[in-house]
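The values are calculated or read from the model by the stated rules, or taken from the named source; none is laboratory data. This is a predicted model, so every value here is computed, not measured. Note that each Cβ is placed from the backbone with ideal geometry, even for glycine, and that neighbours are counted across all protein chains shown. With ligands, DNA and RNA removed, areas are computed over all heavy atoms of the protein, side chains included. Shrake-Rupley method; radii C 1.70, N 1.55, O 1.52, S 1.80 Å.
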Amino acid sequence: MVPDQACDLFRTTFKGGRVMMTRGVKFLPDNLRKKFLAAVQTFDTFTRGNDPHGEHDFGSIDLDGTKFFWKIDYYDLAMNQQTADPTDPEATMRVLTLMRADEY
């Protein structure tokens, strides 16, 4: 299990990994994209239903009639495969992907 503190720190600061966005997010009107980014950084509605392992690595957000997802994945430093130990910051690259739900 990945400690939720590491995911929370990355998600709330966008530091300590890579932030990627799909075309659907990249080409949103600036005000809606900024609103979504802020909603990701302040997301705190984790429950057993949406976060059963306590990893804080996925969220769903509804904004202005559009559903969005965000997801954190864990890769080795070369970004070739999943990391062997997501809790080891010396061997893990976190990647936060921001997307519209209809792009999933």
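When Gly24 is tested against (1) open to solvent by 30 Å² or more (accessible area, probe 1.4 Å); (2) out of contact with any His (no Cβ under 8 Å at 6 or more places or on another chain), only condition (1) is not met.
Exactly one residue among Ala84, Ala91, Ala39 is open to solvent by 60 Å² or more (accessible area, probe 1.4 Å), of a type in the set (Gly, Ala, Ser) and either assigned to a helix (DSSP H, G or I) or farther than 20 Å from Thr13 by Cβ (or both), and that residue is Ala84. For the range 38-57, what are the residues that are closer than 18 Å to Tyr104 by Cβ and modelled with pLDDT of 95 or more? Ala39, Val40, Phe43, listed by residue number. For the range 84-104, a residue qualifies if it is more than 27 Å from Phe36 (Cβ to Cβ) and without any contact (Cβ under 8 Å) to a residue 40 or more places away in the chain, and the qualifying residues are Ala84, Asp85, Asp88, Glu90, Ala91. Taken together, the residues in the range 42-55 that are open to solvent by less than 30 Å² (accessible area, probe 1.4 Å) and within 16 Å of Leu9 (Cα to Cα) amount to 2.
Applying a threshold of 7 Å to beta carbon distances and a minimum spacing of six or more residues, or different chains, the list of pairs starting in the range 16-38 at a residue that is farther than 14 Å from Thr66 by Cα and ending at one that is in a helix (DSSP H, G or I) reads Gly16/Leu9; Gly16/Phe10; Gly17/Phe10; Thr22/Glu103. If you go through the range 1-36 and keep only what is within 22 Å of Glu103 (Cβ to Cβ), outside any loop (DSSP other than H, G, I, E, B) and within 12 Å of the chain's Cα centre (by Cα), you end up with Cys7, Phe10, Arg11, Gly17, Arg18, Val19, Met20, Met21, Phe36.
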